[in-house]
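Shown next, in structure tokens, is the structure this report addresses.
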Amino acid sequence: MEITGVAGIEHAGPSHLSFLSNPRYAPKAKLSGAGAILVKQPIAGLSAACVVSPDPYLDFAKALECFYMPPRPAPGIHPLAVVDPTAQLGDEVSIGACCVVGPRVTLGHRAVLHPHVVIYEGAAIGDDFLAHSHASVREFCRIGHRVTLQNGVVVGGDGFGFAKRADGTHYKMVQSGVTVVEDDVEIQSLSAIDRATVGETRIRRGAKIDNLVQVGHACTVGEDNIICAQAGLAGSSHLGKNVLLAGQSGISGHLTIHDNAIIYAQAGIGGDVPAGELMAGSPAFDARTWRRAVAAFPQLPDLVKTLRELRKRVDALEAAAAGVRDGATQAEDTSNHEEQH
């Protein structure tokens, strides 16, 4: 069989390789027109060839590289780029049109700056750096090896720091710290990693940050973290290793989320999270309890109605019981009065 490309399971043709990582979608695999499918186990009744893999999704990612490689600009500096003479550039660097590389910048080997990238004064960047258009690295920030910044990323923008005057106006605090991005990090489009007021904001090795994420000043994002779109970290929050923040989750400042914790989408975290915990809801609590609560939520109107009806019945029974007690008391008083006479 000749494989000429890769495709999703619903759109694959007879010369395509696809994948199936979740057994629940096996019925779709049987309807697929793919020539071959990466699977964890052979599937009976499948017309496509089964390519057995311990991790179909990972191997599919590797197969993609056989058929598509993003275009890479040739080494060199475009005539419309501005590179300060004090900048130190590594070998085989590619700097596109309208890029600006400031004074005393260090740029490692094989770095690629697409058009309109700006590197401020004193920034230090490692080898195999890739910055897409309109990404910015602010002054004195440090970036490791094999880091990718997608379009519009800002590394080292000012943290949100203001002191309130007696008259209610705000006095801007100088953001004297830096942002440090370690090796093998990818930050996707329009995300902002603020510099610290003092000290540093640090993105540790292997972290992956999705679009439209805000990382506040003096935060630490741990090794191999996954932070999904529109999540936000307030200042001085710290994440351990292998933490996952799902989309639109929010983290209060000055707290710690420990290793291997998972924060569900739209969760609001207001306190420290122990290692390995699953948190959901806003304010967040244990995700297992939250799932039961969410399942019960649609039933609340009927439960309230039933509760009101039961309350009425209880009130009626209590009133009837009170009437019986009053009647018994009156009868006893009458009997006592007759005995006295």
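Every number in this text was worked out from the coordinates using simple rules, so none of it is lab data. The structure presented is a predicted model; accordingly, all values stated were derived computationally and were not measured. All Cβ positions, glycine included, derive from the backbone under ideal geometry; neighbour counts span all protein chains shown.
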Relative contact order (percent) for the chain, with alpha-carbon contacts under 8 angstrom and 6 or more residues of separation? 6 percent
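Taking the Cβ-Cβ separation of Phe297 and Ala320 as r and a Förster radius of 41 Å, what is the calculated FRET efficiency to the nearest 0.05?
0.70
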Please state the relative contact order of region 5-67 as a whole percent: Cα pairs under 8 Å, 6+ residues apart? 30 percent
Considering only DSSP states other than H, G, I, E and B, which chymotrypsin sites (Phe, Trp or Tyr not before Pro) in region 56-143 qualify as loop sites with at most 16 other Cβ atoms within 10 Å? Tyr68
Which number comes out as Rg/Rh for the chain once both Rg and the Kirkwood Rh are worked out on C-alpha atoms? 1.27
Please give the peptides 6-16, 251-261, 291-301, 80-90 ranked by average Cβ packing (other Cβ atoms within 10 Å per residue), highest first, as a rough proxy for protection. 251-261, 6-16, 80-90, 291-301
Under the classification rounded if a/c is under 1.5, otherwise prolate if a/b is larger than b/c and oblate if not, where does region 5-67 fall, given a ≥ b ≥ c as square roots of the Cα gyration tensor eigenvalues? oblate
Using a 7 Å offset from the Cα along the Cα-to-Cβ direction at both Arg165 and Arg313, what is the distance between the two label points in nm, to one decimal? 6.8 nm
Report, in degrees rounded to the nearest 10, the 0 to 90 angle that the Cα long axis of helix 56-67 makes with the longest principal axis of the chain. 30 degrees
Counting only the backbone N, which residues of region 103-141 are under 16 Å from the spot 7 Å out from the Cα of Ser176 toward its beta-carbon? 140
Region 231-277 to region 93-159: how many Å between their Cα centroids? 28 Å
Would you mind calculating the relative contact order of region 197-278 from Cα pairs under 8 angstrom and at least 6 residues apart, reporting the percent as a whole number? 21 percent
Grab the Cα-Cα distance for Ala26 and His109, subtract it from 0.36 nm times how many residues apart they are, and report the gain in nm with one decimal. 25.3 nm
Let's see if you can work this out: charge +1 on each Lys and Arg Cβ, -1 on each Asp and Glu Cβ, no other charges. What is the dipole magnitude of the chain about its Cα centre, in debye to the nearest 20? 680 debye
Between the residues Pro27, Ala49, Asn211, the Cα farthest towards the positive end of the dipole of the chain, that dipole coming from +1 and -1 charges on the beta-carbon of Lys, Arg, Asp and Glu, is from Ala49
Quick one: if you stick a label point 7 Å off each Cα along the C-beta vector at Thr86 and Leu64, how many nm between them? 4.2 nm
Among DSSP beta bridges whose residues both lie in the chain, state the antiparallel percentage, nearest 5. 5 percent
Taking the Cα centre of region 5-67 as origin, work out the dipole magnitude from +1 charges on Lys and Arg Cβ and -1 charges on Asp and Glu Cβ, in debye rounded to 20. 220 debye
Rounded to 10°, Cα long-axis angle of helix 287-296 versus longest principal axis of the chain: 50 degrees
